[in-house]
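To start, the structure itself, in structure tokens.
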Amino acid sequence: MCCTADPAQGAVLQVDHVKPRAKFPELALDINNLQILCEICNIGKLHHSESDWR
């Protein structure tokens, strides 16, 4: 959703928590707090950003 990479291009997709689990544990399983990012974007985001690319 962030960089538009897809598995056909070799991207590994991961589920990302828009609001990080470390700060918002109650939202860990909330479907509205989840988005799909490639592994590189997800690692780059870490828990510092609450960017929502949906």
May I ask you to derive the relative contact order of the chain, considering only C-alpha pairs under 8 Å and at least 6 residues apart, and to give it as an integer percent?
45 percent
Total charge of the residues flanking residue 46 in space, meaning their Cβ is under 12 Å from its Cβ, with Lys and Arg +1 and Asp and Glu -1, is +1
Run the helix sum for the chain: -39,500 (n - 2.57) per DSSP H stretch of 4+ residues, divided by residue count, reported at 222 nm to the nearest 500 deg cm²/dmol.
-3000 deg cm²/dmol
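The numbers here are math on the coordinates, done by the rules we state, and not lab data. The structure presented is a predicted model; accordingly, all values stated were derived computationally and were not measured. Positions of Cβ are generated from backbone atoms using ideal geometry, with glycine treated the same way; all protein chains shown enter the neighbour counts.
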